[in-house]
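A.B. asks: Structure in structure tokens, see below.
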Amino acid sequence: MTPTNRSSLRILSALAVFAVSLTTTRAAWTESFWTQTNGSYDWFTTSNWSNNIVPNGTTNAAMFSMGGYVIAGDVISTVNSNITLGALRAINAGTGSLTLNGSGTITLDGSQYGGATILQASSVNETIENNLVLANPSGANIYGTAALWLKGNVTGSGPITLGAKVYLGGDNSFSGNVTLNTGAEFIATSTNTF
């Protein structure tokens, strides 16, 4: 083998190692779209999700009304066990409302989902009756054009950036900073410690 070929081989080997390191350090994201075609409101029913994958993990996003799945009426999803999500989005939803309820705690941690956690209510009012934990130290972005009601207790830390009208109805002990963007409102209707 000539010196030029050895040099080229070393460069290709180094590039291959670099490419493998890039693919092994980045988490794969899974976006599941709520379809609820079987009459069940249970979050954990796999056939309620477009890809038959129940979103539960820091690399999972629960999507309502994207990809052609439009909320045409009121949608309810019951979460009776604890779940963790990288993002929760209700976008381009048409008419109606989205309600998450049940006895499970929803933990939002977008640290593996591209940075800050995203909670979005766009064009459809969204109500989360479950307790909510904001677990991402990078913070949470809560935005949208519709109202968001958080009726359970909100705990955790890390900054929150608001770009929506958010109502707090639980006894909350969130300890992070809150930034209000233009048009955002933060309305507490219960005992809150910030």
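A.B. asks: Send over the semi-axes of the range 133-194's equivalent ellipsoid, whole angstrom and largest first, taken as the square roots of 5 times the C-alpha gyration tensor eigenvalues. Before the final figure, lay out the partial values.
C.D. replies: Values: eigenvalues 53, 44, 17 Å².
Those come to 16, 15, 9 Å.
A.B. asks: Hey, what's the range 112-192 come to in accessible area per residue, 1.4 Å probe, Å²? Before the final figure, lay out the partial values.
C.D. replies: Details: 3380 Å² over 81 residues.
Dividing the accessible area of the range 112-192 by its residue count gives 42 Å².
The values are calculated or read from the model by the stated rules, or taken from the named source; none is laboratory data. None of these values were measured; they are calculated from a predicted model. These area figures cover heavy atoms from the full protein model, side chains too; ligands, DNA and RNA do not enter into them. Shrake-Rupley method; radii C 1.70, N 1.55, O 1.52, S 1.80 Å.
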